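Each remark here refers to the structure printed beneath this line.
The values are calculated or read from the model by the stated rules, or taken from the named source; none is laboratory data. Predicted, not measured: the structure shown is a model, and the values here were computed from it. Glycine gets a Cβ as well: all are built from the backbone with ideal geometry, and neighbour counts include every protein chain shown. Calculation scope for accessible area: heavy atoms of the full protein, side chains included, ligands and nucleic acids excluded. Shrake-Rupley method; radii C 1.70, N 1.55, O 1.52, S 1.80 Å.
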Amino acid sequence: MNLPNKLTMFRVVLIPFFVVFMMVDITPVDKWITLAIFIVASLTDLLDGKIARKYNLVTNFGKFMDPLADKLLVCSALVCLVALCRIPAWIVIVIIAREFIISGFRLVAADNGVVIAASYWGKFKTTFQIIMICLMIADIQALAFVTDIMMWVALILTVVSLADYLVKNKDVMKDTK
C-alpha cells in the first residue's frame, strides 16, 4: 500500500462523510464542511496520479481503484445534488451514463490488450464537473448564473469527451473473430 494508493483509499473513506454533511443541514457551516471535504477528496485525485507517475509507483490496485474512487466521489456528489434539487436529474443521468459507457469501453479494450489513456477532453470534463459541484455545494445565490454556465459547460464536455473516446477508439469494438 504505497502513498498514491493510500490517497486513493483516503478519498473513498471521505465519501460517506461527504454524503452525510451534504445531506444534513443542521448548522450554517455544514455546507462549508461539505465543500472542504469535497475539495480535499478532489485534490487527492490530482496528487495520487502525479505521485504514482513521478515516483514509478503505478500499481494494478491503483489502476483499478483510482478511477473507481473518482467515479464514486463525483456520482455521490451528483446524486446528493439531485436530492437537494440543485441539478436536474436528466443531466446527472447523462454524466453517469457517460462514465458507464467509458468504463465498459475500457473493459472491452483491456480484454483486447488495448489501454485507453485519459484524453484532454476527459480531463477538461472532470475539471469542469468538479468546479460545478463545488459551486453547487456552496450554493451562493450571487453566483447562480456562473453555476448554471458551469453546469452546461460540464454537460457539453461530458458529451464531447464521450464522442472523442468513441471516435478515437472505434476499432476496439470491432469483432475480429
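Can you tally the net charge around ALA118? Count Lys and Arg as +1, Asp and Glu as -1, for every other residue whose Cβ sits under 14 Å from the Cβ of ALA118.
Values: positive: LYS50, ARG53, LYS63, LYS71, ARG98, ARG106, LYS123, LYS125, LYS168; negative: ASP45, ASP48, ASP66, ASP70, GLU99, ASP164.
Charge balance in the 14 Å sphere: +3.
Karplus-based coupling profile of region 155-168, in residue order and whole Hz: 5, 4, 5, 4, 5, 4, 5, 5, 4, 4, 4, 5, 5, 5, with θ = phi - 60° in 6.51 cos²θ - 1.76 cosθ + 1.60 and x standing for Gly or Pro.
Taking max minus min of the alpha-carbon positions on each principal axis, region 31-177 gives extents of 56, 34, 23 Å, largest first. Protein-only accessible surface at a 1.4 angstrom probe places the residues PHE124, PHE61 in the order PHE124, PHE61, largest first.
Rolling a 1.4 Å probe across the protein heavy atoms gives region 1-48 an accessible surface of 55 Å² per residue. Over the chain, dividing the summed -39,500 (n - 2.57) contributions of all DSSP H runs of at least 4 residues by the number of residues returns a 222 nm mean residue ellipticity of -27000 deg cm²/dmol. Sorting ILE91, ILE39 by solvent-accessible area of protein heavy atoms yields ILE39, ILE91, largest first, with a 1.4 Å probe. Taking the protein heavy atoms of the chain in the context of the full set of protein chains, the accessible area attributed to carbon and sulfur is 73 percent at 1.4 Å.
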